[in-house]
Amino acid sequence: ATTHYAELKAYALETPRVENGCCEFDVATLRPTYRLLIGVPGKSNALAISEKLGLDMSVIERAKELVSSENKAFENVVDKLEETRRRMEDEYDRAKELSQKALKEREEAEKIKADAAKAREKEMENAKSQALRVVEQAKREAYALLQELDKLKKEQQKTKDAAELARRAKSL
């Protein structure tokens, strides 16, 4: 059922198994948004719509006078509820947007971290490989030097042996 009676809206707020609902309406454009809001009492926009449509202000003012103070108070509460709901929806949308942005930035940071780990691992492998090449080169050079030393020792021994033979031959 649909109604603009504040008493019925209040009844729905106070009665189990009865719930308020309303269709959201944009007074600025005089168009419905086609959003059904469950649990929220709707606001009567009749006077605001009448004013926007150009109804004589004296008629609108007289209608406002005829609306009970209780009804006005209830409509004020509904206005505040609607304002709070919109603000909360905006905050929710903003929080959702920030959450998605944070998630995206986290994913990007994790990708950068993974790329850095891969690059570090590659550099470590390159450094190990280079170190092995340097060690192998040093071993080859050391081996060559040892062979050269052995060759020199043998030549020196031959020279000593030849000198010893020459000395013995002179002494004979």
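The values are calculated or read from the model by the stated rules, or taken from the named source; none is laboratory data. Because the structure is a prediction, the values reported are computed rather than measured. Because the Cβ atoms are built from the backbone with ideal geometry, glycine has one as well, and the counts that use them run over all protein chains shown. In case anyone asks, the SASA skips ligands and DNA or RNA and just uses the protein heavy atoms, side chains included. Shrake-Rupley method; radii C 1.70, N 1.55, O 1.52, S 1.80 Å.
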### Query
Does segment 46-54 contain any residue that is in contact (Cβ under 8 Å) with a residue 24 or more places away in the chain, under 20 Å from residue 6 (Cβ atoms) and either touching a strand residue (DSSP E or B) at 6+ places or on another chain (Cβ under 9 Å) or open to solvent by 70 Å² or more (accessible area, probe 1.4 Å) (or both)?
no
### Message
For segment 68-102, which positions are open to solvent by 60 Å² or more (accessible area, probe 1.4 Å) and among the hydroxyl-bearing types (Ser, Thr, Tyr)?
### Response
69, 92, 99
### Task
Go through segment 10-40 and count every residue that is touching a helix residue (DSSP H, G or I) at 6+ places or on another chain (Cβ under 8 Å) and at pLDDT 85 or above.
4
### Message
Need the failing condition index for residue 61 against (1) among the acidic types (Asp, Glu); (2) within 38 Å of the chain's Cα centre (by Cα); (3) open to solvent by 80 Å² or more (accessible area, probe 1.4 Å), just the number.
### Response
(2)
### Task
Say whether the condition of being modelled with pLDDT of 95 or more, more than 30 Å from residue 40 (Cβ to Cβ) and within 18 Å of the chain's Cα centre (by Cα) is met by at least one residue in segment 133-153.
no
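Sort through 110, 164 and tell me the only one that's among the charged types (D, E, K, R), assigned to a helix (DSSP H, G or I), at pLDDT 95 or above and surrounded by 10 or more Cβ atoms within 10 Å (Cβ to Cβ).
110
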